[in-house]
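Before any comments, here is the structure.
The values are calculated or read from the model by the stated rules, or taken from the named source; none is laboratory data. These figures come from a predicted structure and were not determined experimentally. Note: ideal-geometry Cβ built from the backbone for every residue, glycine included; neighbour counts use all protein chains shown. Surface areas here come from the heavy atoms of the whole protein model, side chains and all, with no ligands, DNA or RNA. Shrake-Rupley method; radii C 1.70, N 1.55, O 1.52, S 1.80 Å.
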Amino acid sequence: MKYHIWTEGCQMNVADSQRVGSALEHMGYQMTERAAEADVIILNTCVVRQSAEDKAYGRLSSLQPLKKRNPHLVINLMGCLVGVRSTERLQKRFPYVDVFSPPSDPRPLVAFLNQRDGREESLAEVEGRFALQDEELTLPVHERGQLVSAYIPVVYGCSHACTYCIIPYRRGVEKSRPPEEIIGEARALTAQGVREITLLGQIVDRYGKDEPAYPTLAGMLTRLSALDGLERIRFLTSHPNWMNDALLDAVASLPKVMPHIEVPCQAGDDEVLANMKRGYSVEAYRRLVENIRARIPGVSIATDIIVGFPGETEAQFQNTYDLLADLKLDVAHLARYSPREGTVSARRMADDVPDEEKWRRFRALENLQEGIAAEIHARYLGTETPVLFEEKVKKRWRGRTPTNKLVFVETDEDLRAQVRPVKINWTGPWSMIGELA
Ligand code: SAH
């Protein structure tokens, strides 16, 4: 019996897919890269932009012939296309889908297969067996001893209401995971060869805010730092309003926590930010960047920007451009605004920036950021930096610096899971090349 998983979208989905794969392996299934030979196919979907949603539909249609040929094939639609609410509409539209699973939840599929195969297990037993803290469940077999850097969801859902964002509707309300579960999972991953973990949440710096008894994110970073075998810890994504000095100081003082902060700005204009309901001003974001840089020496900062938000004028876009030109952040994840069903912006604001104009703004920022990144990276030339190596791509080993820069090194040595000092010989806007020092 074989399973095949197709994963789209964010890091949370990558982590969710690993859990599903691992759960199926406990039931006797084996992973296959080929959908055509699978008995169970899982599509783990994303709907953050229309393009992602369209890809999921395309993939779904491509499965229909497989299902016709093999009626025993089980198709499981999972993730943000399904969401946490009613699946009635999807059931009507895709009658050949057997199981619908909300994001981060392998249980509907497990329950379906158990029932179909006559396994004598109640849903409660299934839930118990597939409890999140079950240490054996963390990684599918083919990733054990191979995967160097893994994700751990620590905050599910989101209760913020950015007007453009569909995630709260599809992932449900914010819910922090119990600290013991997180520690247990980190320990299990480390035992399976993982050396770096990245803690995930839509607003990860709100970890524990919904549960007074839980530690803060800074507290979790401290506790995770004590784990033997774990070399590096990262976290994403932070919301500017919840990044406090205690968190920044924890990053600065804990050697295992890497000096890299992902803190989206989304726009560099106060009116656009207000329309997005982000809850901060451009000035506040500037001060935050200053504070991050002051408290964490050598830090790298990544941001997210949406261009072409409803009503964004040329002058407002220019403010975003100027902000990025001025702050010179390490990375800018750029997106063109895409109206999402049910969101406030889709319901109340006209998507009035033409597509070509969105593209023009996107490219302008892309060019700007390419120059900034090249300039920042050039400063690494001739320096030595510790790189955690993850995998060999063709002849070169791929790894990351503490600041999350991509580094390639050509060598016959097996570098997997090692942290080695690397002398940087070449830099470009997206990566660097070096040699073992
Ligand atoms: N909570 C996460 C959001 C993840 S979605 C965070 O704050 O980063 C990742 C990025 O997709 C967002 O930061 C935003 O820049 C972008 N995005 C979200 N909704 C979008 C939409 N409707 N159109 C275009 N980009 C969007």
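Observations, loosely collected:
- For the chain, a simple Cβ point-charge model (Lys and Arg +1, Asp and Glu -1, everything else neutral) yields a dipole of about 600 debye relative to the Cα centre.
- Near LYS423, once Lys and Arg are set to +1 and Asp and Glu to -1 for all other residues with Cβ below 10 Å from its Cβ, the sum equals -2.
- Extension gain (nm, one decimal) between GLU180 and ASP270, 0.36 nm per residue minus Cα-Cα: 28.4 nm
- Computed from point charges on the beta carbon alone (+1 for Lys and Arg, -1 for Asp and Glu), the dipole magnitude for region 384-436 about its Cα centre is near 180 Debye.
- Whole-number percent relative contact order across region 282-437, with pairs defined as alpha carbons under 8 Å at least 6 apart: 19 percent
- Cα shape, the chain, gyration tensor, a/c 1.5 rule: oblate
- Shape call, region 2-129: gyration tensor on alpha carbons, a/c limit 1.5: rounded
- Solvent-accessible area per residue, Å², over the chain with all protein chains present [probe radius 1.4 Å]: 43 Å²
- Scoring 417-430, 104-117 by mean Cβ neighbours within 10 Å over their residues and listing the highest first yields 104-117, 417-430.
- Dipole of the chain computed with +1 at Lys/Arg Cβ and -1 at Asp/Glu Cβ about the Cα centre; of PRO108, LEU200, ALA364, farthest Cα towards the positive end is PRO108.
- Between the C-alpha center of region 176-198 and that of region 50-68 there is a gap of 33 Å.
- Estimated inter-spin distance, ARG59 and LYS92, nm [label 7 Å along Cα→Cβ]: 2.5 nm
- Placing a label point 7 Å from the Cα of VAL419 along the Cα-to-Cβ line, the residues of region 363-395 whose backbone N sits under 12 Å from it are 386-389.
- Among the cysteines of the chain, CYS10, CYS46, CYS80, CYS158, CYS265 have no other cysteine beta carbon within less than 4.7 Å of their own.
- When the pairs LYS394/LYS423; LYS209/LYS256; LYS328/LYS423; LYS209/LYS405; LYS328/LYS394 are compared against a 26 Å limit on Cα-Cα distance, LYS209/LYS405; LYS328/LYS394 fall above it.
- Portion, in percent, of the accessible area of region 203-292 that falls on carbon or sulfur, probe 1.4 Å: 50 percent
- Packing rank of 138-146, 376-384, 201-209, where each peptide gets the mean count of other beta carbons within 10 Å, highest leading: 201-209, 138-146, 376-384
- Violating pairs (Cα-Cα greater than 23 angstrom) within the set LYS92/LYS175; LYS55/LYS358; LYS175/LYS277: LYS92/LYS175
- Whole-percent carbon and sulfur share, accessible surface of region 326-412, 1.4 Å: 48 percent
- Ellipticity estimate at 222 nm from DSSP helix runs (n ≥ 4, -39,500 (n - 2.57)) divided over the chain, nearest 500: -11000 deg cm²/dmol
- Selected from PHE309, ALA213, ALA267, residue furthest toward positive end of dipole (the chain; charges at beta carbon): PHE309
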